[in-house]
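Q: Submitted below is the structure of interest, expressed as structure tokens.
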């Protein structure tokens, strides 16, 4: 339903998920993907302004995080993860780890076997444990 840009139908389907599977990884991933799609649509509308903010200040982490959300919504997963990894590398504790938390939401939405998840998890581990 998300691939067809039918957010209403996706919302309705998630509302009808039986209680005994509501916490399954697949349902959690679908829920995260829907939330990210909504956030990404909003960020994509502001893309020009976000890029202007980053041109003026490359360390505007709020703008960089918004850019990551917009890139994710556009299907540019590795680029989206790269923006968040940039923040984590520069300041792991920015906004109580907000970049890492957003990256983990991406992983949940993309699924554990997605190539972008696998690559980005390795890059995150390298940053955190180096």
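Just so it is clear, none of the values below were taken in a lab; they were calculated from the coordinates. Keep in mind that this is a model prediction, so the values were computed, not measured. All Cβ positions, even for glycine, are placed from backbone atoms using ideal geometry, and neighbour counts span all protein chains on display.
Q: When a footprinting reagent is the concern and you count Cβ atoms within 10 Å, what order do 87, 22 take, fewest first?
A: 22, 87
Q: Rounded to two decimals, what ratio of Rg to Rh does the chain give with C-alpha atoms and a Kirkwood Rh?
A: 1.00
Q: Using alpha carbons only, how many degrees (0 to 90, rounded to 10) separate the axis of helix 98-110 from the longest principal axis of the chain?
A: It is inclined by approximately 40 degrees.
Q: Where does helix 25-45 land angle-wise versus the long Cα axis of the chain, in degrees 0 to 90, nearest 10?
A: In the chain, helix 25-45 runs at an angle near 50 degrees to the longest axis.
Q: Helix 61-73 sits at what angle to the longest principal axis of the chain, using alpha carbons and giving 0 to 90 degrees rounded to 10?
A: Once rounded, one gets 40 degrees.
Q: What base-10 log of the normalised intensity I(q)/I(0) is obtained for segment 1-70 from the Debye formula, alpha carbons as equal point scatterers, at q = 0.15, 0.17, 0.19, 0.21 Å⁻¹?
A: Values, matching the q order: -0.59, -0.68, -0.76, -0.83.
Q: Another question about this same structure. Using only DSSP helix segments of four residues or longer, with each worth -39500 (n - 2.57), what per-residue ellipticity at 222 nm results for the chain after dividing by its residue count and rounding to 500?
A: Helix-only estimate at 222 nm: -23000 deg cm²/dmol.
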